[in-house]
1. Here's a check for you: in segment 341-372, which residue that is of a type in the set (A, V, I, L, M) and at pLDDT 90 or above is farthest from the chain's Cα centre (by Cα)?
2. Residues being in contact with an Asp or Glu (Cβ under 8 Å, 6 or more places away or on another chain) and either crowded, with 21+ Cβ neighbours inside 10 Å or within 18 Å of ASP681 (Cα to Cα) (or both): count how many of those fall in segment 453-476.
3. What do you reckon, is THR639 among the β-branched types (Val, Ile, Thr), at pLDDT below 90, closer than 22 Å to SER552 by Cβ and assigned to a loop (DSSP other than H, G, I, E, B)?
4. Looking only at segment 40-64, filter to residues that are touching a residue at least 24 places away in the same chain (Cβ under 8 Å) and not in a helix (DSSP H, G or I); which one of those is surrounded by the fewest Cβ atoms within 10 Å (Cβ to Cβ)?
5. Just give me the residues in segment 579-592 being surrounded by 19 or more Cβ atoms within 10 Å (Cβ to Cβ) and either out of contact with any helix residue (DSSP H, G or I) (no Cβ under 8 Å at 6 or more places or on another chain) or not β-branched (Val, Ile, Thr) (or both), in sequence order.
6. Taking segment 406-428 only, how many residues are touching a Phe, Trp or Tyr at 6+ places or on another chain (Cβ under 8 Å) and under 30 Å from ASP516 (Cβ atoms)?
7. Among the residues in segment 143-153, are any in the same structural domain as ILE27 (by TED's automatic domain parsing), under 22 Å from VAL229 (Cα atoms) and among the charged types (D, E, K, R)?
8. Pick from ASP502, ASP471: which is under 39 Å from the mean Cα position of the chain (by Cα) and farther than 26 Å from TYR425 by Cβ?
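The values are calculated or read from the model by the stated rules, or taken from the named source; none is laboratory data. The structure presented is a predicted model; accordingly, all values stated were derived computationally and were not measured. A quick note on method: Cβ atoms are made from the backbone with ideal geometry, for glycine too, and the neighbour counts reach across all protein chains shown.
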Amino acid sequence: MKTIYRIAKSELNSLFCSPIAWLVLVIFTFQMSMVFTDRIIWELRDFVINNREKDGLTVYFLLSGFGTPLFPGVLSYLYLYFPLLTMGLMSREFSSGSIKLLYSSPITSTQIVLGKYLSMMFYGLIMLAIVTIYVVFYIFVLKDFDYPVAITGLIGIYLIMCLYSAVGLFVSCLTSYQVVAAIGTFAALTILQVIGGVLQGVDFWRDITYWICSGPHGPIAGLINSGDVLYYILMPALFIGMSIMKLQFARQSKPWYMKVVKYLALVIVIVGIGYATSRRSTVCITDLSRDEQLTLTPKSREILKRYDGQELTLTTYVNIMDEHMAAKLFPRSRIGDMSVFSKYYRFKPDMKFKYIYYYDHVLNGHSCCAPGEDLEEAARKQAKVNGLDFDDVLSPEEMREIHDLSGENNQVVRILEDSEGNWTYLRMFNDLNPYPSEQEISVALLRMKEGAVKMGALYGHGEREMNKSGDRELGWLFTNGSGRGSLINQGFDPVSIPLTEDWGIPDDVQILLIIDPKEAFSKVELEKIRDYVASGRHLIIATDVNRSAVMSELLSDFGVQALPGMLVLPRKDEDPTNINAVFTPQSGMINPTFAHWGNRNYPLSMTGAVALNYVTDKGYNVVPLVASPVGSWTELETTDFAGETPSFNPKAGEINQQLPVVLALTRQVNGKEQRIMIFGDADWMTMGEFSKRRVYGVANGQLTTLMCSWMTDYRYPTYFPRPAQPDNHIKLSYQSRGTLKLVFVVIFPAVILLLYFGVWFKRRGK
């Protein structure tokens, strides 16, 4: 051990007598100071503009969030420095001839390699000390700092430094040219970063190359994964072992194939151990962050716990002709796809994943099949370029025997199933990140246990329909499977109901929508609606302009009347029939969020709306939820709004005051609260309204979701909030940004540079 220490000391002395080690420290400090200060200044600026602070600032500054957090910033630069630091470890000995003196001395190859490696471990501690200074600063300026995240993150960064040192040491053993060693180390570290994408289409090699890759392991900050920890122990051991073998082979005369066998044996043993210890059944994961904020929320864990003792299977049906999504689910991308569910199989390691590939026409038109091209021939081309055996790809007929996905437009879709036979769809989305989040996954798990909330929309009388996606239809927020916020993905089961004198409203419908019928209901149909209301189930009604003859009889059952005329508000560059209705102070009686929207002037956009009048003698508690904006009136005279500007005329009976446009009604039926909403406009929840481009936000989408959530007593959509974190305040002012930059970007690197000059002058004096 003394010999190893002496070699390390000599190597460090040689390293710090050269300008390279000092230059690396200066540049590293400058770059990290830029990352560090820019992130803090951005957050201080955001607080000044928005006057709000975030919680969980420890994780935000160190690991995640906007910009470049500290730990990822460190890792993004480390691989640039270690080729320069390690290039002379052994190559200098070879080029100067001093290696012969080492071979002739009573020093073993193991002692040489370990001594050199120990010197880099000491240098890594110096770099780690620089990073620690930034962390210590965070400790002083952040309220209730989360220490375990920082400590484990620093340990993880140091382990990565040790890995890079081992790689550089081995490459340095291969050549006597330092420049070649530096380039070779850089190339080796690059290969370690990208090898995870090699042979991903081959089942046998997929997990092996992915484990060897350094990218997926990352820092272990807060979340301790036994597989990652063993990786940072085994991989340096592999390169150190190969370095020792290289020096031993230089002293011995052995056939080349014997050397190759020994190298391969070491690689196979190390990789085999790593592969075996990285399986889901063998990995142990511990979240040391406060309230385990780096893993599933408590509510999601509670839902998953209900599946203890059951088998969960996630089957992904991949239509290889779906050009938007299929590329993310071919065999080469499978591990990355499965990692989306890593937080879940941490708690349920026996969770099974299946992938079934087929080809068929994509019914929404997003297909990679050219017009007129034979479907099977096009599918063969797709299979060939994506590494699939076409014999394993199901034909449309074979796929329909397993599961008919025409209702999903034959797009990529997953089916989550438990051992009791319960199943539900889990979809991909047309987002920048198309994968389901914890919200959608946990809702799917809960839906299998508790069932979906069935909501039906009447059709057959000219109503707006939830199974259509035109500008005046409702499909965008109700049945659009590709939309993350669509209610079909949030625990609801929207269906269309053909109300006739022969067909009634199913008993399992819990929420009924009657959206802008153009034709009056017959007496029989109206009685069926009244029977539904009498049962105490929930109801959503939307009327529109010129619908009094159609809707008056139904609305009168609730003591509601649509006032004549259309609400208008002339504004510059705006359609006068489009009004930004406001949430009333009374709306907080239904949900505090509504009152909050009112205080923030967060409007509900309505086009062609009518005002509502109401009485309270029908047994309902009535709350005016949304009212017309100040300055609007009920226009009775103007009919051509494109050709003329409306003007208020009180003599014509027009009313210029704030009037209710949305009402919330409640009453007790059979010991339960019945909830009803009535709207004076049907356009506010349609595709045409959501596709409008605005420079300000509106509450239309959120109201649709919150309205349905209120009617289910907030059962769906299910939200998964995390416990509020106390580290929510930074003890700095925006005025301190200049001092921050001066201290860390200028003075901190300058101090290290002055230390170098001090060492240089001292050596020169000697």
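1. Step one: filter segment 341-372 for residues of a type in the set (A, V, I, L, M), giving 351, 356, 362-363, 370.
Of the ones still in play, those that are also at pLDDT 90 or above are 351, 356.
Working: MET351: 21, ILE356: 25 Å.
Selected residue: ILE356.
2. Qualifying residue count for the region: 14.
3. Details: among the β-branched types (Val, Ile, Thr): yes; at pLDDT below 90: yes; closer than 22 Å to SER552 by Cβ: yes; assigned to a loop (DSSP other than H, G, I, E, B): yes.
Yes: the conditions hold for THR639.
4. Step one: filter segment 40-64 for residues touching a residue at least 24 places away in the same chain (Cβ under 8 Å), giving 40-45, 47-48, 53-59, 61-63.
Next cut, not in a helix (DSSP H, G or I) only: 53-56, 63.
Numbers: GLU53: 14, LYS54: 18, ASP55: 18, GLY56: 23, LEU63: 22.
Applying the filter and picking the extreme gives GLU53.
5. Kept after step one, since they are surrounded by 19 or more Cβ atoms within 10 Å (Cβ to Cβ), are these residues of segment 579-592: 579-584, 587, 590.
Answer for segment 579-592, where residues must be surrounded by 19 or more Cβ atoms within 10 Å (Cβ to Cβ) and either out of contact with any helix residue (DSSP H, G or I) (no Cβ under 8 Å at 6 or more places or on another chain) or not β-branched (Val, Ile, Thr) (or both): ILE579, ASN580, ALA581, PHE583, SER587.
6. Total meeting the criteria: 1.
7. Within segment 143-153, the subset in the same structural domain as ILE27 (by TED's automatic domain parsing) is 143-153.
Checking the rest, the ones that are also under 22 Å from VAL229 (Cα atoms) come to 146-153.
Still in the running and among the charged types (D, E, K, R): 146.
Among the residues of segment 143-153, at least one is in the same structural domain as ILE27 (by TED's automatic domain parsing), under 22 Å from VAL229 (Cα atoms) and among the charged types (D, E, K, R), which makes the answer yes.
8. Working: ASP502 fails: under 39 Å from the mean Cα position of the chain (by Cα).
Exactly one of ASP502, ASP471 is under 39 Å from the mean Cα position of the chain (by Cα) and farther than 26 Å from TYR425 by Cβ, namely ASP471.
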